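Asker: This structure is in structure tokens; I'll ask about it shortly.
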């Protein structure tokens, strides 16, 4: 596919030397590999090669959502692809899913969810911060997702309008404060997930979920490690990400019915 | 939503005591919690409660793909939700994606990918084993995915018919044997991923990818750990899954152009 | 070395089929591999082979502390070798170390520490439970460590008699309750470590350590994974231990002097 | 304990701002926290406080082996405390142990092992590189370990003189080339461990061990993660070490006797 003027291109040399930019006429990027004539990419095929003024190879890669997320500046505030992907798989997210999101942020996660749920599904997202909502609005327009995401600048603690949602994702510092509102919005046995960076948050969220008409409550962490796979010398990479976030999953069920989970569920034979 | 006759229901007591079954009249399941009158679930709401003959609580949960996968018998042969979800997020899979799959197996992964790519996308899957293809065909029908998945009982080593694919997933014991065929099928800078259970496979696959017109080659492992999140006593679970599979990602680029990755890319300051 | 009568022998077939027993005349062990004539091991060399009545191979292995720990019954209450070894390495434990231990348990850890600190060092251990102390006393005799371990059936909250200790290890449910007493017992910049199974415990312990004249406070978890290393098929094992315990390390310093650790210390560049 | 002239001191402000140096008169260290008058530490107590010219707190910490290792320059070549400690615990290393080491390097590991094995034990270490042996010799003198470590500048492939060793540690790029020589040197059922950074090395080593009169062969990796334990905000650290090395353990047994480990040993129930 030819690169259009104004399209985003990932200029890729190696995993640590790559740049995400718009293909605009006359644009040049000065790097230690030489100058990259970005304008020259217009009309070239994705996957083909541009060379810097010093002859270094730059592959023209069509960026995916993953590339956009990994090149974003506010790393500490993003939800990583491993966590987003697992949320989607774990909650059964698919075309047609009706998704409630509490905590819009920059709309990066709403964009990801909408890209899966569309065209028959929809994301209803809530936030109270007008500055964030403005950024989110622009990001959704840039991503072409405005038809599939409805933004609500409204305090979800007051309740949300939606009903019979398939999935609810909560990204707040205190997710346990919206469990009733989300319960009302979910369909019977609908999927719940909270994004909780700290142990304190999963403890409070899981404890409150048990009392609020949710079952199958499970807190998870996913760790990702890169492997250096080279002929005769394969081993894991020397550094890795230590933590991104915990995820707390649950299913909406009838209220005021509780099942005591015996300690047996956790005790298992341990051997080193 | 009311449970229809013939619909699948997850009968949930606790994470370790649950059963996945069809709601059929007269059906009963004998468990150590008492007898579950499955037929009585017909017409009840998902999320509501059925009690066993001994008064134990059974929540009626609408199963997601995750529930189906986790209750499947051939555990050692499934691709886990954490890996499926990451494949989707990492490759930018979404509605409209044109996906090539080499190695159909039971069609579980094709079903998952199609559920995301539909209705504008499509999965083209290849396998040579007639027994598997037959099982896969039935599974796709059961899952209602036949419109979005095209099965090919054809040896992919002979080449595949598709072109301009967005994403290619290879699930073979020797993925390095189809790199050229997949290269031809992918669009420029299209995403490649191989499912490789052993280190030997990632070593061979990554080495061959480098020589076959692919860039941004990365081998990954995702580890998942359950946290016991309880008031005053939060800690990780005593046992965890040690390994499911490695994943090797890459992007199709122009052939015969190579970038030497300096050892610097990997050397980083290490501190305990 | 020849096996003496009464000596412990690890009868080893495979990692999952092994028995730890005393070599006593006439003793036989019935296993699904056949009957093992344990008495026949007396006078044989460690490392040599005994065959069961069905001709299966049993290697006669001289048990190490590791073998004893891993064959102990109360798995959930042991401190694992990976954690014990790290405590020793991290605190600079060696011959001559003067070690204070709060929480004797079965004396397994005191035995391990004494085996390193002897003959010039010593372990001073405290517990209040007479039943445990009795078991501990017998275990120390069996292990031949009574010269190097002094037991105190005395509530450490009342203070401990020792001074100028090199290392203090606290294995209590509420380690933050003995920080002052341990501070008094340690030499200047002596090493402290608390064994804390839950996140609640490390949070409380670390918080109190900061206020109690300790610096270089670090909470750690060590995860261990077995690799299946086989020709052409190397990969991690499918299951692994998810958690044993957290360890909180610190150094005794002057009281009432505090250094604010800037948030910078933790913020680092994160990349997937 | 008072700081002697010429003694090593760890000048500690925070985990990321610390300096390891000798207390020598007139010495000053210029840091961004101000100037540290190192000479003034002489005669002060370990654990007490020195302030920089800008009033910042510096704790005077008595360095342990751990502190020395972690401040060493050649990070990529050290064996980490978590691995050293586990080697000691796993092999039953203690006072009196007779230890064979193949691959002396800088003598850091020989120093650690000798500190545990002394005074009744001994380390016999082999290397062929005269430059390393010279550095090693000086390090052993500095550490005061020359009585407990015998250095051999001799190619271990030619065989080693020692017999009846309790433990053998091999730190070579090709450990499988010395298995017979080490077998001859070990006592019956003596412990073997190889330090293997890559998957290729554990595969080759484990495969050869099986054929060379060793049993209970186990390949391990230990991962270490720091926890940020703070009131109300406890979570794992954002970054962690991804890999240091694999360790391959085994026990010397009679040669030419083999036990087939059934695949059952590895297959276990897997659940996400």
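The values are calculated or read from the model by the stated rules, or taken from the named source; none is laboratory data. Because the structure is a prediction, the values reported are computed rather than measured. Neighbour counts are summed over all protein chains in view; Cβ atoms, including those assigned to glycine, are modelled from backbone coordinates with ideal geometry.
Asker: Test residue B:194 against the criterion of being buried (at least 24 other Cβ atoms within 10 Å of the Cβ), part of a strand (DSSP E or B) and assigned by TED's automatic domain parsing to the domain that holds residue B:113, and give yes or no.
Answerer: In short, yes.
Asker: A further question follows. For residue C:94, are the conditions met, namely being under 24 Å from residue D:69 (Cβ atoms), more than 10 Å from chain D (Cβ to nearest Cβ) and either touching a helix residue (DSSP H, G or I) at 6+ places or on another chain (Cβ under 8 Å) or without any contact (Cβ under 8 Å) to a residue 40 or more places away in the chain (or both)?
Answerer: So residue C:94 fails the test.
Asker: Would you mind telling me which numbered condition in (1) in contact with a strand residue (DSSP E or B) (Cβ under 7 Å, 6 or more places away or on another chain); (2) buried (at least 24 other Cβ atoms within 10 Å of the Cβ) residue D:183 fails?
Answerer: (2)
Asker: Is there a residue being under 20 Å from the mean Cα position of the chain (by Cα) and either away from chain C (no Cβ under 14 Å) or over 30 Å from residue A:236 (Cα atoms) (or both) anywhere in region D:159-169?
Answerer: yes
Asker: Pick from C:26, C:5: which is more than 19 Å from residue D:189 (Cβ to Cβ) and either exposed (fewer than 15 other Cβ atoms within 10 Å of the Cβ) or touching a helix residue (DSSP H, G or I) at 6+ places or on another chain (Cβ under 9 Å) (or both)?
Answerer: C:26
Asker: OK, next. How many residues are at pLDDT 95 or above and within 14 Å of chain A (Cβ to nearest Cβ) when one looks only at region B:97-108?
Answerer: Adding up the residues that qualify gives 3.
Asker: Looking at region A:37-44, can you tell me whether even one residue there is within 12 Å of chain B (Cβ to nearest Cβ), buried (at least 16 other Cβ atoms within 10 Å of the Cβ) and touching a residue at least 40 places away in the same chain (Cβ under 8 Å)?
Answerer: Within region A:37-44, one or more residues are within 12 Å of chain B (Cβ to nearest Cβ), buried (at least 16 other Cβ atoms within 10 Å of the Cβ) and touching a residue at least 40 places away in the same chain (Cβ under 8 Å).
Asker: Follow-up. Given the condition over 19 Å from residue C:46 (Cα atoms) and surrounded by 21 or more Cβ atoms within 10 Å (Cβ to Cβ), answer yes or no: does some residue in region D:154-161 qualify?
Answerer: For region D:154-161, residues over 19 Å from residue C:46 (Cα atoms) and surrounded by 21 or more Cβ atoms within 10 Å (Cβ to Cβ): present.
Asker: Yes or no: residue A:111 more than 9 Å from chain B (Cβ to nearest Cβ) and over 29 Å from residue A:219 (Cα atoms)?
Answerer: So residue A:111 fails the test.
Asker: Turning to a different aspect of this structure: From D:214, D:148, which residue is within 11 Å of another protein chain (Cβ to nearest Cβ), surrounded by 24 or more Cβ atoms within 10 Å (Cβ to Cβ) and on the phi < 0 side of the Ramachandran plot?
Answerer: From the options D:214, D:148, the qualifying one is D:214.
Asker: Can you tell me how many residues in region B:77-89 are at pLDDT below 95 and touching a helix residue (DSSP H, G or I) at 6+ places or on another chain (Cβ under 7 Å)?
Answerer: Residues that pass the stated criteria total 3.
Asker: In the list C:222, C:209, which residue meets the criterion of being at the interface with chain D (Cβ under 10 Å from one of its Cβ atoms), in contact with a helix residue (DSSP H, G or I) (Cβ under 7 Å, 6 or more places away or on another chain), in contact (Cβ under 8 Å) with a residue 24 or more places away in the chain and part of a strand (DSSP E or B)?
Answerer: Matching residue, one of C:222, C:209: C:222.
Asker: Which one of the conditions (1) in contact (Cβ under 8 Å) with a residue 12 or more places away in the chain; (2) farther than 24 Å from residue C:251 by Cα; (3) within 8 Å of chain D (Cβ to nearest Cβ) does residue C:87 fail to meet, given that it meets all the rest?
Answerer: (2)
Asker: Here is a check on your reading of the model: is residue B:116 closer than 22 Å to residue B:182 by Cα and either at pLDDT below 95 or touching a helix residue (DSSP H, G or I) at 6+ places or on another chain (Cβ under 7 Å) (or both)?
Answerer: yes
Asker: Would a scan of region B:229-238 turn up a residue that is more than 7 Å from every other protein chain (Cβ to nearest Cβ), assigned to a strand (DSSP E or B) and modelled with pLDDT of 95 or more?
Answerer: No: zero hits.
Asker: In region A:197-206, what residues are surrounded by fewer than 24 Cβ atoms within 10 Å (Cβ to Cβ) and in contact with a helix residue (DSSP H, G or I) (Cβ under 6 Å, 6 or more places away or on another chain)?
Answerer: Answer for region A:197-206, where residues must be surrounded by fewer than 24 Cβ atoms within 10 Å (Cβ to Cβ) and in contact with a helix residue (DSSP H, G or I) (Cβ under 6 Å, 6 or more places away or on another chain): just A:204.
Asker: Here's a follow-up. Determine if region B:25-34 includes at least one residue that is assigned by TED's automatic domain parsing to the domain that holds residue B:242 and either at pLDDT 90 or above or touching a strand residue (DSSP E or B) at 6+ places or on another chain (Cβ under 6 Å) (or both).
Answerer: Checking region B:25-34: not a single residue is assigned by TED's automatic domain parsing to the domain that holds residue B:242 and either at pLDDT 90 or above or touching a strand residue (DSSP E or B) at 6+ places or on another chain (Cβ under 6 Å) (or both).
Asker: Show the residue pairs meeting these rules: Cβ distance below 7 Å; 6+ apart or different chains; first residue within region B:177-206 and within 8 Å of chain A (Cβ to nearest Cβ); second residue in a helix (DSSP H, G or I) and surrounded by fewer than 24 Cβ atoms within 10 Å (Cβ to Cβ).
Answerer: B:205/B:176
Asker: While we're on this one: From D:262, D:270, grab the single residue that is at pLDDT below 95, more than 9 Å from chain A (Cβ to nearest Cβ) and in contact with a helix residue (DSSP H, G or I) (Cβ under 7 Å, 6 or more places away or on another chain).
Answerer: Checking each option against the conditions leaves just D:270.
Asker: Do we find a residue being surrounded by fewer than 16 Cβ atoms within 10 Å (Cβ to Cβ), without any contact (Cβ under 8 Å) to a residue 60 or more places away in the chain and within 9 Å of another protein chain (Cβ to nearest Cβ) anywhere in region A:47-66?
Answerer: no
Asker: Does region A:71-78 contain at least one residue that is within 30 Å of residue B:70 (Cα to Cα), within 13 Å of chain B (Cβ to nearest Cβ), touching a residue at least 60 places away in the same chain (Cβ under 8 Å) and surrounded by fewer than 23 Cβ atoms within 10 Å (Cβ to Cβ)?
Answerer: No: zero hits.
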